[in-house]
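The values are calculated or read from the model by the stated rules, or taken from the named source; none is laboratory data. Owing to the predicted nature of the structure, the values given are computational and were not obtained by experimental measurement. Neighbour counts run over all protein chains shown; Cβ positions are idealised from the backbone, glycine included. Heads up: the accessible areas ignore ligands, DNA and RNA and are worked out on the full protein's heavy atoms, side chains in. Shrake-Rupley method; radii C 1.70, N 1.55, O 1.52, S 1.80 Å.
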Amino acid sequence: GEWLAELERQRRAVQISVAGAHRWIAAEDAGLYRDALGAAGPGGLPDAFLQPVERPMEVLLRRFARHHGPFVTRAAASRYGLREAQVEPELRALEAAGTLLRGEIRPGGAELDWCDAEILRRLKRRTLARLRDAVAPVDTPTLALFLPQWHGLDEPRAGQQRLAEVIAQLQGLALPWSLLSTVLLPRRVPGFQLDMLDMLAASGAVVWVGRGASGPRDGRVALYTRRQVKQLLSAARDFEAPSPLHQAILDCLEGQGASFLLEIEDFVRAQAGEVTGRELRDALWDLVWAGQLTNDTFAPLRALGRSPARPSRRRATDRIASGRWSLVSQLVPDEPDLTVQAVARVNLLLERYGVVSRDCAAAEDLPGGFSPLYKVLKEMEDQGRVRRGYFVEGLSGAQFAHVGAVDRLRACRQDAEERDRPLHAEDIAMLPVMEPANPYGGMVAWPKAANPDKAKPRRVPGAWLLLARGRPVLYVAPRSRSLISFPDLLRDEPDALGVALQALRLLPRAARRGPLTIDRIDGAPAAESSLLAAFRAAGFELDYRGLIDIQAPGVTAIGDR
């Protein structure tokens, strides 16, 4: 009160009557309130304070909005003792000028709110900052429990619609065809048959692109939905054909478009001379694995695993005669806009992992890295479509996630009572190492192996991983002849090895040759391993071949004969 009295004495503040109450205003605003509200100030003020003000009501409402959060028209009108009909046109003019925004801003509001644009931006920034700090990060094992659920492993829903959803989630990943067709898709789609893929291909909904050979009977393949292939695929256009035969095939498809094998064969023979069926087949597969050719059916891929050791010319040609061959570049006639491509890749990563960070882009080796994706994710955060925070320990840099993904991730966190419960068979998960739902070796680093100087886990085709409550127990190398253990888990969970070995005996037969036989553990002969007693207790017997699962049907150890 003393300060106001002093300001009034100095003619720096004056009292006026507004809405039936006395208000203090700065003396230089006397003309503004006079013109806007008809409020007369005291005499004796300088003429400079009483000059006419242009659009005075708009000035007052802009000032009101700048110092309040979201408000309704009634609140602004009552502040100045006016009717809503007098204030509404002025507020709409400010909205047209971009000063104010209008919408359902306050939770639970019954009518539309007005808000200053900068105030709303400030509210969003503070809200997002609070949300980032609201979620305590989960550990890596929780992420390993979350991802299989997010991918719908052992999902009860079946049918073409479910298969289309799975392909949309996996598209763009270069995965071994043998793994994709025999493990990944059947695990996600109950009752999966390869004919289901052919039906999607026949309708034009799905396309495939080769990503490199993995021997004569396998190779990496990326699936795409027809709707998104133009946004996700970057076709290699500077490919140099390794021979005239390869160039003749490319010229044929460039000139004729999608063609059957007989049409390709006729063109090639007219341009490059006589070729055998095997030469034509080998050249086609070279171009497939180089990412240059594709087929509108899955028949060529389906024939890979059953190729005979020495195929005849006729049989070698028959296997690739189904469907029409075409250039991959024809799927993407024009280079996609970089922003459109970045948006499509961000949406795909969110769909695939739920939580996206720099490690996801690095694991998938995306062109351009994480930088273009970060800009899109930041914009999506400002729009409220994703949330940023520190969700998972071990993931580097900024992390972005669907709101639903954050809730499901937190739901996977095990409490102390759950962690102290003895391990059971249902606590063991068996995943191919290259399974997208396995974060180890991709999004996060491998835990310390027992003997890293002699044996390190790698993310390679044919390898499997056994996890106990999301923590790796055993790494099974390709062909299932050697194992790698993780001592930190075995020390914390003494029962984990025994339970995991019981699960190991159920390793799919496609992942091994004959009876399950382990000849090396942690880079050393199985007979010298400190885990030998645990293997014997689990039903394995040691002979000259290594540790053999003698409980499998029809299997006996040498010592038991």
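For region 455-517, pairs of C-alpha atoms spaced more than 18 angstrom apart make up 32 percent of the total. In region 363-412, the C-alpha radius of gyration followed by the widest Cα-Cα span (Dmax) gives 11.8, 34 angstrom.
Would you compute, from DSSP H runs of 4+ residues alone, the mean residue ellipticity of the chain at 222 nm, taking -39500 (n - 2.57) per run and dividing by the full residue count, rounded to the nearest 500? List each step's numbers first, then the result.
Details: 24 runs with 221 residues, N = 561.
Roughly -11000 deg cm²/dmol at 222 nm, from the helical runs in the chain.
Residue-wise HN-Hα couplings along region 375-383, as the Karplus relation 6.51 cos²θ - 1.76 cosθ + 1.60 with θ = phi - 60° gives them from phi, are 4, 5, 4, 4, 5, 5, 5, 4, 7 Hz; Gly and Pro carry x.
Rounded to the nearest whole Hz, the Karplus-based 3J(HN,Hα) values (6.51 cos²θ - 1.76 cosθ + 1.60, θ = phi - 60°) of region 276-282 follow the sequence 7, x, 5, 4, 5, 4, 4, with x at glycine and proline. Strictly greater than 16 Å: what percent of every Cα pair in region 17-57 meets that? That tail contains 27 percent of the Cα-Cα pairs. Counting only protein heavy atoms and a probe of 1.4 Å, the accessible surface of the chain is 50% carbon and sulfur. Rolling a 1.4 Å probe across the protein heavy atoms gives region 149-238 an accessible surface of 43 Å² per residue. Accessible area per residue was computed with a 1.4 Å probe on protein heavy atoms; residue 375 scores about 150 Å². Ratio of Rg to Rh for the chain: 1.17 [Cα atoms; Kirkwood radius as inverse mean 1/r over pairs]. Cβ-Cβ distance of residue 502 and residue 75, R₀ of 45 Å, FRET efficiency by 1/(1 + (r/R0)^6): the value works out to about 0.10.
Once all protein chains are placed together, residue 529 keeps about 20 Å² accessible to a 1.4 angstrom probe. Summary of packing: across the peptides 153-162, 535-544, the per-residue average of other C-beta atoms within 10 Å ranks them, highest first, as 535-544, 153-162. Amide H to amide H distances under 5 Å link residue 219 with 177, 178, 214, where only residues 5 or more positions off or on other chains count and H is placed in the peptide plane.
Taking all protein chains as they are arranged and a probe of 1.4 Å, the heavy atoms of residue 90 leave approximately 50 Å² accessible to solvent. Scanning residues 5 or more positions from residue 226 or on other chains, those with amide H under 5 Å from its amide H are 206, 207, with H placed 1.01 Å from N in the peptide plane.
Where Rh denotes the Kirkwood radius from the mean inverse Cα pair distance, what is Rg over Rh for region 251-291? Mind dumping the intermediate values first?
Details: Rg = 10.0 Å, Rh = 10.6 Å.
When Rh is taken as the Kirkwood radius, the ratio is 0.94.
Going from most exposed to least, what order do 34, 421 have by accessible area with a 1.4 Å probe?
Values: 34 85, 421 65 Å².
The ranking, largest first, comes out as 34, 421.
Backbone geometry of region 5-19 corresponds, through the Karplus equation with coefficients 6.51, -1.76 and 1.60 at θ = phi - 60°, to 3J(HN,Hα) couplings of 4, 5, 5, 5, 4, 7, 6, 9, 9, 9, 9, 9, 9, 10, 6 Hz, x marking Gly and Pro.
Cα-based count: Lys pairs in the chain below 22 Å, eight or more positions apart or different chains? Write out the running numbers ahead of the final one.
Details: 124/375; 124/378; 230/375; 448/456.
Taking the Cα cut-off of 22 Å, the pair count is 4.
Counting only alpha carbon atoms, the long axis of helix 338-353 and the longest principal axis of the chain meet at about 70°. For region 138-212, dividing the convex hull volume of the Cα atoms by the residue count gives 105 Å³ per residue. In terms of accessible area, using a 1.4 Å probe and ignoring ligands and nucleic acids, 68, 22 rank largest first as 22, 68.
Summing Lys and Arg as +1 and Asp and Glu as -1 over all other residues whose Cβ lies under 9 Å from the Cβ of residue 518 gives a net charge of 0. Along the axis of the charge dipole computed for region 27-78 (Cβ charges of +1 for Lys and Arg, -1 for Asp and Glu, origin at the Cα centre), the listed residues 45, 75, 31 are led at the positive end by 75. Taking the Cα centre of each part, how many Å lie between region 100-155 and region 42-87? For region 100-155 versus region 42-87, the Cα centre distance is 35 Å.
Entry note: region 207-282 has Rg to Rh equal to 1.00, where both radii use alpha-carbon atoms and Rh is the Kirkwood radius.
Placing pseudo-labels 7 Å out from each Cα toward the beta carbon at residue 276 and residue 243 gives an inter-label distance of 1.1 nm. Taken over region 1-160, the percentage of Cα pairs per 5 Å bin, counting from 0 up to the bin with the maximum distance, is 1, 7, 12, 13, 12, 10, 9, 8, 6, 4, 4, 3, 3, 3, 2, 1, 0, 0. Amide H to amide H distances under 5 Å link residue 433 with 463, 464, 465, where only residues 5 or more positions off or on other chains count and H is placed in the peptide plane.
For region 379-518, the ratio of Cα radius of gyration to the globular rule of thumb 2.2 N^0.38 Å stands at 1.20. The distance separating the Cα centre of region 210-267 from that of region 169-185 comes to 19 Å. Once the Cα atoms are used to define both axes, helix 56-66 deviates from the longest principal axis of the chain by about 40 degrees.
Express the Stokes-Einstein translational diffusion coefficient of region 146-274 in µm² s⁻¹, to the nearest whole number, given a Kirkwood radius over alpha-carbon pairs, 25 °C and a viscosity of 0.890 mPa s. Could you put the intermediate results ahead of the total?
On the way: Rh = 16.8 Å.
Using the Kirkwood radius from Cα pairs, D works out to 146 µm²/s.
Taking all protein chains into account, the per residue accessible area for region 385-455 stands at 48 Å² (1.4 Å probe).
Per the Kirkwood formula on distinct C-alpha pairs, the Rh of region 42-129 is how many angstrom? Provide the component values of the computation, followed by the final result.
On the way: mean 1/r = 0.0697 Å⁻¹.
One over the average 1/r among Cα pairs gives 14.3 Å for region 42-129.
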